[in-house]
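Below is one structure, written out as structure tokens; comments come after it.
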Amino acid sequence: MSNPLVIDAVPGTSYADITREFDAPVADLFRAHADPELYKQWIGPGEEHTEITHWDFRSGGGYRFVQRDADGEYAFRGVFHTVRENELIIQTFEFEGWPDEVSIDTIRFEELPGGRSRLVDHSVFPSVEVLENMQAEGMERGMREGYEKLDRMLAGKS
């Protein structure tokens, strides 16, 4: 059974708190976010293929990736403001199809007993409407399916 994804977005606010536990150590979970070869294997919904076009994983670095499925192509980009190994990533996130609507994510990696870990993400959007649009366009599904792929990858089954 998969660990549940919890998205707490209070109606009328422009932020979401996202929590997910993993049956893997923090170092493995962090590496899956840091290494572009691993990241592209799990990010996004199940049917999408991801290509990393830019990856500079360090404080002050940036990224860009493109996802493709039967319906088209979707590009995303951002800046890694702060990276602290096995602890923290603060980054921006922008869907190029909605330019100028940039969110900022503070992603914390927490150790749990038994070699498990927890990811805690506080995402702040530029407006209530942007968050509502992200939710309407499938944010929960994309994150849930991506984290399910990440579970399989961390377990060595992908």
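Please indicate, with yes or no, whether at least one residue in the range 95-102 is at pLDDT 95 or above, under 16 Å from the mean Cα position of the chain (by Cα), surrounded by 17 or more Cβ atoms within 10 Å (Cβ to Cβ) and closer than 28 Å to Asn3 by Cβ. Within the range 95-102, not a single residue is at pLDDT 95 or above, under 16 Å from the mean Cα position of the chain (by Cα), surrounded by 17 or more Cβ atoms within 10 Å (Cβ to Cβ) and closer than 28 Å to Asn3 by Cβ. Could you figure out which of (1) surrounded by 18 or more Cβ atoms within 10 Å (Cβ to Cβ); (2) within 22 Å of Arg77 (Cα to Cα); (3) out of contact with any Ser or Thr (no Cβ under 6 Å at 6 or more places or on another chain) isn't true of Pro45? Exception for Pro45: condition (1).
For the range 9-18, the set of residues classified as modelled with pLDDT of 95 or more and under 17 Å from Arg141 (Cβ atoms) consists of Ala16, Ile18, listed by residue number. Of the candidates Glu47, Glu73, Glu21, Glu51, the single residue that is assigned to a strand (DSSP E or B) and closer than 19 Å to Met134 by Cα is Glu73. Do we find that Ile52 is in contact with a helix residue (DSSP H, G or I) (Cβ under 7 Å, 6 or more places away or on another chain), closer than 25 Å to Ala155 by Cβ and in contact (Cβ under 8 Å) with a residue 40 or more places away in the chain in this structure? For Ile52, the condition - in contact with a helix residue (DSSP H, G or I) (Cβ under 7 Å, 6 or more places away or on another chain), closer than 25 Å to Ala155 by Cβ and in contact (Cβ under 8 Å) with a residue 40 or more places away in the chain - is not met. Looking across Val66, Val26, Val6, Val10, one residue alone is of a type in the set (A, V, I, L, M, F, W, C) and in contact (Cβ under 8 Å) with a residue 40 or more places away in the chain. It is Val26. Evaluation of Tyr63 against the conditions (1) out of contact with any His (no Cβ under 9 Å at 6 or more places or on another chain); (2) assigned to a strand (DSSP E or B); (3) hydroxyl-bearing (Ser, Thr, Tyr) shows that the sole unmet condition is (1).
The values are calculated or read from the model by the stated rules, or taken from the named source; none is laboratory data. All of these numbers come straight from a predicted model, not from anything done at the bench. A quick note on method: Cβ atoms are made from the backbone with ideal geometry, for glycine too, and the neighbour counts reach across all protein chains shown.
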